[in-house]
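The values are calculated or read from the model by the stated rules, or taken from the named source; none is laboratory data. Everything quoted here is computed from the prediction, not taken from an experiment. All Cβ positions, glycine included, derive from the backbone under ideal geometry; neighbour counts span all protein chains shown.
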Amino acid sequence: MEEILELAHQFAEEAEVFQVISEELPVHFEANRLKAIQRKQSTSISLRIIKDGRLGYAAASGEIEPRTLINYALETARFGMPARFNFPEPVQLPDIAVFDPEVNRIGTAEMIDLGHALIEPVIKSTPGIVCDAAVSRDTLMIRLINSRGCRAEYQKTTFGLGVSGTLVRDTDMLFVGEGQESCRPIRDTKAIVTTVLRQLELARNLATVPTRSLPVIFTPDGVLSAFVPSLISAFNGKIVLQGASPIGKRQGEKLFDAKISLYDDPTIEYAPNSRPCDDEGIVSRRTPLIENGVVRNFLYDLQTAGQAGTRSTGNGSRGRGGLVSPAPSAFIIPPGEATFEEMVKDIKEGLIIEQLMGAEQGNVLGGEFSGNVLLGYKIENGEITGRVKNTMVSGNIYQILKEVIALGKTAKWVGGILLAPHIYVPAVSVASK
Amino acid sequence: MNVVEIGHELADLLRKYDADYLEAHLEESRSSHLTYRGKELESTDKTSAVGGNIRALVKGGWGFVSFNSPDNLKAKIEQAIEQARFVSSGEARVEHVQPVVDTVSENIARNPVDIPLAEKKEILDEYNSVIWSTPKLQTSVIGYSDNYRKYLYINSMGSYIEQERADVTLRITAIAADNGEVQQAGLSLGNRGDFNRIKNLHQQIKEMAQRAVDMLTAPHVKGGEYTVVLDPVLAGVFIHEAFGHLSEADHVYENPQLREIMTIGKKFGCDELNVVDGAAVAGLRGSYRYDDEGVPATKTYLIREGVLTGRLHSRETAAKMHEGLTGNARAISYRFPPIVRMTNTYIEPRSTSFEEMISDIKEGIYARNWYGGTTSMEMFTFSAGEAYMIRNGKIAELLRPVTLTGNVFVTLKNIDAIGNDLDMNEGGGCGKGGQSPLPVSNGSPHIRIQHCLVGGR
């Protein structure tokens, strides 16, 4: 790394080298049985330079001659965008706990036991169900150095558990599933299993819904599939800068119900997407995006912030060593007051949406979602009566989140990227057959 | 690391171990990307990758080790074997394949990765200025990528296969905005490494940008059931998403109920319906000579005259289901083990013309172009990038984009007309099991579906 930085700095005003070393150890169960054990090792290195004021970029996974990598970067710098930032100076990284050595002490045998513990109660409860499961532990080592002397380095562990079940009856198929992720070991499978058993129980009967507008409770998973794709693009500083975000010019305006707040927060201890700094060496912080319905901030990396005349929010993200762009670390929607039962009781006829399929396919940029209800339940007179099928919902988040009846009182992590409560809204357009 | 040298070393090593089956993959690849966001070239990069993996099958269990440093190959092989032993409870075995030694080169005049960035930029600059000459246009996104990949398959039975491929993809999105409304229109193209085929698209791009603007004032469709006509691009996505994934044997082989639904010989659609998947159909993004388990590519009829006649297999699923090999095991890179995937999937053309197809529709929807699609086996949703009302047998007003959903079994039976104008779409990539985007193609002539559920408000 140091060698590449030094050599690159001879050809360019500034240089930065970013390295990711990872080891993933997933254990896979298929069709109720242990199927495969894997180990994936990978090293990737990326080089960013500023040459004659322009950005150049090159990356390699696996071995590469330093000279080749530098030549790639130099070629791209001829056409690169003018750099609107300087690489950061040396920083002291905050102490955000994302590494737990205990994760690496969990042996393959214990991971296999955890997988069985996920699957067995589910197959016992429901004859004929076919379960897949995965138990994984990953270690990540991130290093960043630049020609201004900044060195950012940290190690991270993640542990994940997940189970999914498919139940086929005639030509009807039911999909259930639940997972958890943390930087610390997860040794208790009870919460995951309870959720899946509850899904199976609620889905036992089928219910039908009319084609019209209905009140809907989005579960945290439902919030993830219906709203989050649009929120990710709306708060992306780059999309704001382009003028393609519907809320880009409306900072300070109240566009959502006062019950809704949204934060980007990579500083929560041991949360799966937490980190001491972003992929450009900018220290992690909590950024308010929506507070009591009012649009507060957008997310920036260094270059986008430079173009927009603002500062990086510490949201420069490279994926696995790709180009830097602004991306949320984790979205946090603080919970409200209502219990799930209270929300259900309140509905005469309505829906609970847990999983939407294809919601992110529509005009996400415009805030629209439209998807088939993969897992959802009907509410009649304050009671859950069964699972819905052949049902499609669609709407626009800027209309739907303008009026929220209640937020659930507990928030749940979903997909590693969202911590959210249930969200209960008065009217969503439903089409059914 | 020189993959061919390591390949030869591995070919000798793999035979020496005690495992039911051992295979290794090695690859080296190079690519370049250019991204425009708005008027400017936002970023450009060049990347390279090199790496490999070892997969072992011992007493029905699989072990898999991937790496991008070639040190200590023996330890890696031993680790994969040890992992496979640990599984012990597995029931996997692989169908026998005659060992093959072969070298397959990609037939390209000019490796796209080696074309100077300046030449790529010149053509993309032209396209971007075409988009920006459209009034009310808010912004544009252009993504160009090319890739060259050399990859090796080696196994403990004596197979040694070197293959190469090149890919070029171009995605263009025009975004229009007015009064807080945002609409977009897109174009997605791909081919086997021929840079010349993405030239001269100016007219097409101009129309696309104008459509994004027109959609701002277009009405929303009212949600409900309609007679829907799909263009070849969208019908191709439909057959890939809704039916193709169900034909992947790994979804079916461990699930007795699903196996029953997908029983060979069952009637799935009208007599005119033929559905094909095949990497042996040459020259397309999903084409190859051997799959990633060293199995020669084939062309498989999934549906013939409306009847289920075949499905797609890896060596493992073929062995389990006692059905023939089809050569459909593919991995997106050395980081992943091969799984059952589609290649080039299409509905074969018949005789109905587009005009005949819409002539007796009183009120329906003509849905065009690809926006995305997913499936959960039985249910699918797919989104059209472009939609029009059909009124009294004629194409009428432009609509906002629509999303179609349904049950695949019902929908296949509801196809009541198949056109004569097969066209293949090579702009898409397929995702499955965390492996995305895998180069595939799909296609169809125009098709008509009765009683299709359309999302709206």
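Quick one: which residue in B:Gly265, B:Gly283 is surrounded by fewer than 16 Cβ atoms within 10 Å (Cβ to Cβ), assigned by TED's automatic domain parsing to the domain that holds B:Thr343, assigned to a loop (DSSP other than H, G, I, E, B) and at pLDDT 95 or above?
None of the other options fit; the residue is B:Gly265.
When A:Tyr377, A:Tyr424 are screened for being farther than 24 Å from B:Thr405 by Cβ, assigned by TED's automatic domain parsing to the domain that holds A:Pro229, in contact with a Leu (Cβ under 9 Å, 6 or more places away or on another chain) and not in a loop (DSSP other than H, G, I, E, B), only A:Tyr424 passes. Of all the residues in region A:353-395, those that are more than 9 Å from chain B (Cβ to nearest Cβ), under 27 Å from A:Lys238 (Cα atoms) and free of Cβ contacts under 8 Å to residues at least 60 places away in the same chain number 0. Taken as a whole, the condition of being within 14 Å of another protein chain (Cβ to nearest Cβ), of a type in the set (Ser, Thr, Tyr) and touching a Phe, Trp or Tyr at 6+ places or on another chain (Cβ under 8 Å) applies to A:Ser136. Within 26 Å of B:Ser444 (Cβ to Cβ), in contact (Cβ under 8 Å) with a residue 60 or more places away in the chain and in a loop (DSSP other than H, G, I, E, B) - does that describe any residue in region B:229-244? The answer is yes; a qualifying residue exists. Of all residues in region B:303-320, those satisfying the criterion of being surrounded by fewer than 24 Cβ atoms within 10 Å (Cβ to Cβ) and either touching a residue at least 40 places away in the same chain (Cβ under 8 Å) or small (Gly, Ala, Ser) (or both) are B:Ile303, B:Gly306, B:Val307, B:Leu308, B:Thr309, B:Gly310, B:Ala319, B:Lys320. In region B:340-372, the residue that is surrounded by the fewest Cβ atoms within 10 Å (Cβ to Cβ) out of those that are within 30 Å of B:Gly433 (Cβ to Cβ) and among the β-branched types (Val, Ile, Thr) is B:Val340. Just for region B:35-52: of the residues that are more than 8 Å from chain A (Cβ to nearest Cβ) and crowded, with 23+ Cβ neighbours inside 10 Å, which one is modelled with the lowest pLDDT? In this case the residue turns out to be B:Tyr36. Considering A:Gln303, A:Gln251, the condition of being at pLDDT 95 or above, farther than 30 Å from A:Leu69 by Cα and over 22 Å from the mean Cα position of the chain (by Cα) is satisfied by A:Gln251 alone.
Has region B:23-30 got at least one residue that is modelled with pLDDT of 95 or more, hydroxyl-bearing (Ser, Thr, Tyr) and either crowded, with 23+ Cβ neighbours inside 10 Å or within 30 Å of B:Ile172 (Cα to Cα) (or both)?
Of all residues in region B:23-30, those modelled with pLDDT of 95 or more come to B:23-30.
Next, from what is left, pick out any that are hydroxyl-bearing (Ser, Thr, Tyr): B:29.
With the extra rule that they be either crowded, with 23+ Cβ neighbours inside 10 Å or within 30 Å of B:Ile172 (Cα to Cα) (or both), the set shrinks to B:29.
Scanning region B:23-30, I find at least one residue that is modelled with pLDDT of 95 or more, hydroxyl-bearing (Ser, Thr, Tyr) and either crowded, with 23+ Cβ neighbours inside 10 Å or within 30 Å of B:Ile172 (Cα to Cα) (or both), so the answer is yes.
Scanning region B:431-457 for residues that are under 10 Å from the mean Cα position of the chain (by Cα) and either among the small types (Gly, Ala, Ser) or in a loop (DSSP other than H, G, I, E, B) (or both) gives B:Gly431, B:Ser436, B:Val440, B:Ser441. Within the set A:Leu174, A:Leu224, A:Leu241, the sole residue that is more than 22 Å from A:Val364 (Cβ to Cβ) and surrounded by 17 or more Cβ atoms within 10 Å (Cβ to Cβ) turns out to be A:Leu174. Taking the criterion of being in contact (Cβ under 8 Å) with a residue 12 or more places away in the chain, under 14 Å from B:Ala80 (Cα atoms) and either touching a His at 6+ places or on another chain (Cβ under 7 Å) or more than 7 Å from chain B (Cβ to nearest Cβ) (or both), the residues of region A:26-37 that qualify are A:Pro26, A:Val27.
Of (1) within 14 Å of chain A (Cβ to nearest Cβ); (2) outside any strand (DSSP E or B); (3) within 20 Å of B:Asp292 (Cα to Cα), B:Ala212 satisfies all except one. Which? Going through the list (1) within 14 Å of chain A (Cβ to nearest Cβ); (2) outside any strand (DSSP E or B); (3) within 20 Å of B:Asp292 (Cα to Cα), B:Ala212 breaks only (3).
Screening B:Val252, B:Val275 for residues that are within 14 Å of chain A (Cβ to nearest Cβ) and of a type in the set (Val, Ile, Thr) leaves exactly one candidate, B:Val252. So, in region A:370-390, how many residues would count as being in contact with a Gly (Cβ under 7 Å, 6 or more places away or on another chain) and either at pLDDT below 90 or of a type in the set (Asp, Glu) (or both)? So the answer is 3. Can you tell me which residue in region A:396-433 is nearest to the chain's Cα centre (by Cα), limited to those that are within 14 Å of another protein chain (Cβ to nearest Cβ) and hydroxyl-bearing (Ser, Thr, Tyr)? Step by step, filter region A:396-433, then rank; the result is A:Tyr398. Looking at region B:373-391, can you tell me whether even one residue there is in contact with a helix residue (DSSP H, G or I) (Cβ under 8 Å, 6 or more places away or on another chain), within 23 Å of B:Arg171 (Cβ to Cβ), surrounded by fewer than 24 Cβ atoms within 10 Å (Cβ to Cβ) and among the hydroxyl-bearing types (Ser, Thr, Tyr)? Within region B:373-391, one or more residues are in contact with a helix residue (DSSP H, G or I) (Cβ under 8 Å, 6 or more places away or on another chain), within 23 Å of B:Arg171 (Cβ to Cβ), surrounded by fewer than 24 Cβ atoms within 10 Å (Cβ to Cβ) and among the hydroxyl-bearing types (Ser, Thr, Tyr). Which pairs turn up if I take residues in region B:161-182 that are within 14 Å of another protein chain (Cβ to nearest Cβ) and look for partners that are of a type in the set (S, T, N, Q) and surrounded by fewer than 24 Cβ atoms within 10 Å (Cβ to Cβ) with beta carbon separation below 6 Å, at least 6 apart in sequence or on another chain? From region B:161-182, the pairs are B:Ile175/B:Gln138; B:Ile175/B:Thr139; B:Ala176/B:Gln138; B:Ala177/B:Gln138.
Could you list, in sequence order, the residues of region A:165-196 that are part of a strand (DSSP E or B) and away from chain B (no Cβ under 14 Å)? First the steps, then the outcome.
As a first pass, look at region A:165-196 and keep what is part of a strand (DSSP E or B): A:165-169, A:172-182.
Within region A:165-196, A:Glu178, A:Gln180, A:Glu181, A:Ser182 qualify.
Does region A:77-99 contain at least one residue that is assigned to a helix (DSSP H, G or I), under 27 Å from A:Asn273 (Cβ atoms) and not β-branched (Val, Ile, Thr)? Taking every residue of region A:77-99 in turn, none turns out to be assigned to a helix (DSSP H, G or I), under 27 Å from A:Asn273 (Cβ atoms) and not β-branched (Val, Ile, Thr). Which of the residues spanning region A:254-265 are within 21 Å of the chain's Cα centre (by Cα) and either surrounded by fewer than 23 Cβ atoms within 10 Å (Cβ to Cβ) or more than 30 Å from A:Asn146 (Cα to Cα) (or both)? The answer is A:Ile260, A:Ser261, A:Leu262, A:Tyr263, A:Asp265. Inspect all residues belonging to region B:76-94 and state whether any of them is more than 11 Å from chain A (Cβ to nearest Cβ), more than 20 Å from A:Thr108 (Cβ to Cβ), within 31 Å of the chain's Cα centre (by Cα) and in contact (Cβ under 8 Å) with a residue 60 or more places away in the chain. Yes, region B:76-94 has at least one match. Considering region B:362-378, the residues that are at pLDDT below 95 and touching a Ser or Thr at 6+ places or on another chain (Cβ under 7 Å) include one that is nearest to B:Ile261 (Cα to Cα), namely B:Glu378.
For B:Glu260, state whether it is surrounded by fewer than 20 Cβ atoms within 10 Å (Cβ to Cβ), over 30 Å from B:Val168 (Cβ atoms), modelled with pLDDT of 95 or more and assigned by TED's automatic domain parsing to the domain that holds B:Asn420. Spelling it out, it is not the case that B:Glu260 is surrounded by fewer than 20 Cβ atoms within 10 Å (Cβ to Cβ), over 30 Å from B:Val168 (Cβ atoms), modelled with pLDDT of 95 or more and assigned by TED's automatic domain parsing to the domain that holds B:Asn420.
Please verify whether A:Tyr57 is in contact (Cβ under 8 Å) with a residue 40 or more places away in the chain, facing another protein chain (nearest Cβ under 7 Å) and buried (at least 17 other Cβ atoms within 10 Å of the Cβ), treating the condition exactly as stated. Spell out how you get there, then give the answer.
Working: in contact (Cβ under 8 Å) with a residue 40 or more places away in the chain: yes; facing another protein chain (nearest Cβ under 7 Å): yes; buried (at least 17 other Cβ atoms within 10 Å of the Cβ): yes.
It is true that A:Tyr57 is in contact (Cβ under 8 Å) with a residue 40 or more places away in the chain, facing another protein chain (nearest Cβ under 7 Å) and buried (at least 17 other Cβ atoms within 10 Å of the Cβ).
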